[in-house]
């Protein structure tokens, strides 16, 4: 079966957390914004054999990783994603985790949190990293033009790529500008030497936003362009209504198998032992929607490799989030 290099890397490992960690290290960002993207393999010290050696060590002794994500492994996807980043930056050979979930306050009012601050070992520079993981479904008809970020909405129909992008751009990343005095830096960094370095050299910023964009399976899907600022190599899937599922599966190869995904494990493909025959998967999907349940993420494995799907009810979307309002200044 066809596999990419990243998929072959993930397939080396059997521990679900290590598989998700491997996915996190190799997955591309969804957007290319003004800030640099995710930490590079070189920055992490995970180039070539160093990457497999690092992940092999995680597989051999997963306890530190398990402890880091313990209270998020059955919870919200965003919290789980943040914990994986915390572990990666704390354990990768090229970085040192300095702080995480740093609350920023002014006049006894919480303005927000900085996700992560780490130090590069190669040059000692401090970096503020904001992270978000998102899975959006694209609409052929919707707000804005054909490449509008507002046409890409979450499966729950409560947010959009445009709303998330504006929050990161206008609020989350500018929070660092509120951190400039010695006392606040001391509270965040916990070291006089790091505070001195931050005052002298500043703190760089990065934004990691992996995930996947799901294009409609409908015949007019070609009318939907990738959203503005989308990276060329962003991960892609397809979404379809439940009523389209029967015809879709009729066109699959005979040896196709699949599995549905449960939060927070939407990252790496499932293990081969978790894959079901198509009749068994079909029965689960029918029962799922008979109960009028939520949109269902699915991964299929066939002769052409892995395929990501989001199956939604026939009444989806029940609503479309409004485009974001004009930018607001962080105060």
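The values are calculated or read from the model by the stated rules, or taken from the named source; none is laboratory data. Since the model is a prediction, treat every value here as computed from it, not as a measurement. Every residue, glycine among them, receives a Cβ derived from its backbone with ideal geometry; neighbour counts consider all protein chains shown.
Within the set 124, 94, 112, the sole residue that is at pLDDT below 95 and touching a strand residue (DSSP E or B) at 6+ places or on another chain (Cβ under 9 Å) turns out to be 112.
In region 216-232, the qualifying residues are those that are outside any strand (DSSP E or B) and at pLDDT 95 or above, and the one that is surrounded by the most Cβ atoms within 10 Å (Cβ to Cβ) is 227. Within region 272-298, the set of residues being at pLDDT 95 or above, assigned to a loop (DSSP other than H, G, I, E, B) and in contact with a helix residue (DSSP H, G or I) (Cβ under 9 Å, 6 or more places away or on another chain) comprises just one member, 275.
Being at pLDDT 95 or above, assigned to a helix (DSSP H, G or I), under 21 Å from the mean Cα position of the chain (by Cα) and more than 26 Å from residue 204 (Cβ to Cβ) is the requirement here; does residue 86 meet it? Show your work before the answer.
Working: at pLDDT 95 or above: yes; assigned to a helix (DSSP H, G or I): yes; under 21 Å from the mean Cα position of the chain (by Cα): yes; more than 26 Å from residue 204 (Cβ to Cβ): no.
The answer is no for residue 86.
Can you pull out the residues in region 188-205 that are in contact (Cβ under 8 Å) with a residue 24 or more places away in the chain and assigned to a helix (DSSP H, G or I)? If the condition is that a residue be in contact (Cβ under 8 Å) with a residue 24 or more places away in the chain and assigned to a helix (DSSP H, G or I), then 188, 189, 194, 197, 198, 201 are the ones that fit.
Does region 146-167 include one or more residues that are touching a residue at least 40 places away in the same chain (Cβ under 8 Å), in contact with a helix residue (DSSP H, G or I) (Cβ under 6 Å, 6 or more places away or on another chain), surrounded by fewer than 21 Cβ atoms within 10 Å (Cβ to Cβ) and closer than 21 Å to residue 234 by Cα? No. Scan region 12-37 for residues that are at pLDDT below 95 and assigned to a helix (DSSP H, G or I) and the total you get is 0. Exactly one residue among 218, 208, 230 is closer than 30 Å to residue 293 by Cβ and under 24 Å from the mean Cα position of the chain (by Cα), and that residue is 230.
Mind checking which residues of region 239-258 are closer than 12 Å to residue 302 by Cβ and surrounded by 15 or more Cβ atoms within 10 Å (Cβ to Cβ)? Lay out the reasoning, then the answer.
Taking region 239-258 and keeping what is closer than 12 Å to residue 302 by Cβ, we get 249, 251-258.
Once the filter is applied, which keeps residues that are closer than 12 Å to residue 302 by Cβ and surrounded by 15 or more Cβ atoms within 10 Å (Cβ to Cβ), region 239-258 yields 249, 252, 256, 257, 258.
When 112, 142 are screened for being surrounded by 15 or more Cβ atoms within 10 Å (Cβ to Cβ), part of a loop (DSSP other than H, G, I, E, B) and in contact (Cβ under 8 Å) with a residue 60 or more places away in the chain, only 142 passes. Across region 233-256, the qualifying residues are those that are farther than 30 Å from residue 174 by Cβ and part of a loop (DSSP other than H, G, I, E, B), and the one among them that is modelled with the highest pLDDT is 256.
Residue-by-condition table, conditions (1) under 18 Å from residue 178 (Cα atoms); (2) part of a strand (DSSP E or B); (3) touching a strand residue (DSSP E or B) at 6+ places or on another chain (Cβ under 8 Å):
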| position | (1), (2), (3) |
| --- | --- |
| 105 | yes, yes, yes |
| 129 | yes, yes, yes |
| 135 | no, yes, yes |
| 158 | no, no, no |
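Residue-level check: of (1) surrounded by 20 or more Cβ atoms within 10 Å (Cβ to Cβ); (2) modelled with pLDDT under 95, residue 65 misses just (2).
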